[in-house]
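A short write-up of the structure that comes next.
The values are calculated or read from the model by the stated rules, or taken from the named source; none is laboratory data. In this text the structure is predicted, and so the values were computed from the model without any measurement. Please note: Cβ atoms are built from the backbone with ideal geometry, for glycine as well, and neighbour counts cover all protein chains shown. Note: areas computed on protein heavy atoms with side chains; ligands, DNA, RNA excluded. Shrake-Rupley method; radii C 1.70, N 1.55, O 1.52, S 1.80 Å.
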Amino acid sequence: AVVSTQSTGDAIQAIVMSNFGEGVLHLTGSSMSGFGTKNSDADMALVFDPHVSVIPKSKARKVIVRLAGSLRREAFCSNVETIFAKVPIIKLFDNISGCDVDININNLIGIKNSFLLRSISTLDERIPVFVIALKLWAKSWNINSAFHGTMSSYTLVNMVLYFLQIGLSPPLLPALKPYVDKLQGVNVNSQLQNYRPSEFIKFTVKNTEPVGALWVKFFYFWNKRFRQKKIFSVYSAKERLRNYNEHGLDIPSYAFVIEEPFQKDNIARSVQYNQFEEIKLRFSEMCRQMQGTLPFERMFGESKEERYDFGQGR
């Protein structure tokens, strides 16, 4: 939950200041956006320079090693690990909130994106309910794992947003272009706190359909589009044919393409062709069950993972 995670963030912020004398820690990811459950992991971004998205790897490594050393001495932290991948992170278990925590360095886009998603989640109460239900459905069928070649949670979120933009009349969400453009120039350390998520998106919601009706339409919407070789953009609320000369989205091996609103790369790049067939099958079966041409035995799969708590991490 946000409250307990925030208290941990405050404690880590104090450790950062005692070690470096500078740096601002931001809560990001689903715990911040309002699209997480009580069991969601917590993502945090430590920002030293709000004008640079990527700091030198040597500096990031030094920060990671030093901060991890300090965290290992704290009673509220356990299982502290350092991972030096493309994006160096610290992983730990937070004994206060009881969740896993990832800390990265200077991920400005992640901070701005989390703020944007938080603003969207406050626009209408149906949106976070829908997103959380979809994530749990996908996880139950084992198609919510970027590591295993299926859909990341961020891919699922953007699938919902795109559907809410063009799959409904009237729409439940506008194109995100003006809001992304506004955030691009915002200093995350000194200016972002001046914006209120509940007031950031200026849009009057006129759609009053219940969540159940949205759920049915969502699966029909994507079951049709999965068969189309298109790029889907929540930034413009439009779709276009794939152009293999288009920078960042021109890799033929991509099975599915959703344009990331800030960086314009492919959110769904983790989806592998063989896994995409399984994803399409699950969506097709949902549609057939709702049409009555396939027995409606169950909506959720039999994933061996934990039973889910629908309490929102807000």
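Data table
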{"item": "Pair list, Cβ < 6 Å and 6+ apart or interchain, from region 10-34 residues that are closer than 18 Å to residue 77 by Cβ to residues that are hydroxyl-bearing (Ser, Thr, Tyr) and not in a helix (DSSP H, G or I)", "result": "31/40"}
{"item": "Pairs where the first residue, in region 226-240, is at negative phi and aromatic (Phe, Trp, Tyr) and the second is part of a strand (DSSP E or B) and open to solvent by 40 Å² or more (accessible area, probe 1.4 Å), C-beta under 7 Å, 6+ apart", "result": "232/239"}
{"item": "Candidates 70, 97 - the one that is in contact (Cβ under 8 Å) with a residue 40 or more places away in the chain and more than 25 Å from the chain's Cα centre (by Cα)", "result": "70"}
{"item": "Some residue of region 52-70 being closer than 19 Å to residue 193 by Cβ and not hydrophobic (A, V, I, L, M, F, W, C)", "result": "no"}
{"item": "Members of region 116-143 that are under 20 Å from residue 285 (Cα atoms), of a type in the set (S, T, N, Q) and part of a helix (DSSP H, G or I)", "result": "140"}
{"item": "Every residue from region 8-48 that is farther than 18 Å from residue 89 by Cβ and charged (D, E, K, R)", "result": "10, 22, 38"}
{"item": "Residue in region 241-253 that is open to solvent by less than 70 Å² (accessible area, probe 1.4 Å), small (Gly, Ala, Ser) and without any contact (Cβ under 8 Å) to a residue 12 or more places away in the chain present", "result": "no"}
{"item": "Residue in region 260-273 that is exposed (fewer than 15 other Cβ atoms within 10 Å of the Cβ), outside any loop (DSSP other than H, G, I, E, B) and either at pLDDT 95 or above or under 23 Å from the mean Cα position of the chain (by Cα) (or both) present", "result": "yes"}
{"item": "Evaluation of residue 140 against (1) open to solvent by less than 30 Å² (accessible area, probe 1.4 Å); (2) polar (S, T, N, Q); (3) modelled with pLDDT of 95 or more (one fails), failing number", "result": "(3)"}
{"item": "Within region 172-222, considering residues that are part of a helix (DSSP H, G or I) and among the acidic types (Asp, Glu), the one surrounded by the fewest Cβ atoms within 10 Å (Cβ to Cβ)", "result": "199"}
{"item": "Single condition residue 233 does not satisfy, out of (1) open to solvent by 50 Å² or more (accessible area, probe 1.4 Å); (2) modelled with pLDDT of 95 or more; (3) small (Gly, Ala, Ser)", "result": "(1)"}
{"item": "Filter result for residue 253 (in a loop (DSSP other than H, G, I, E, B), modelled with pLDDT under 90 and among the polar types (S, T, N, Q))", "result": "yes"}
{"item": "Hits in region 24-55 (condition: under 15 Å from the mean Cα position of the chain (by Cα) and among the hydroxyl-bearing types (Ser, Thr, Tyr))", "result": "28, 30, 31, 33, 37, 40"}
{"item": "Residues of region 10-50 satisfying the condition of being at negative phi, open to solvent by 10 Å² or more (accessible area, probe 1.4 Å), assigned to a helix (DSSP H, G or I) and not acidic (Asp, Glu)", "result": "11, 13, 14, 15, 17, 18, 19, 20, 30, 32"}
{"item": "Residues within region 274-300 that are in a loop (DSSP other than H, G, I, E, B) and open to solvent by less than 10 Å² (accessible area, probe 1.4 Å), tallied", "result": "0"}
{"item": "Residue match in region 120-130 (condition: among the small types (Gly, Ala, Ser), out of contact with any Leu (no Cβ under 7 Å at 6 or more places or on another chain) and at pLDDT 95 or above)", "result": "yes"}
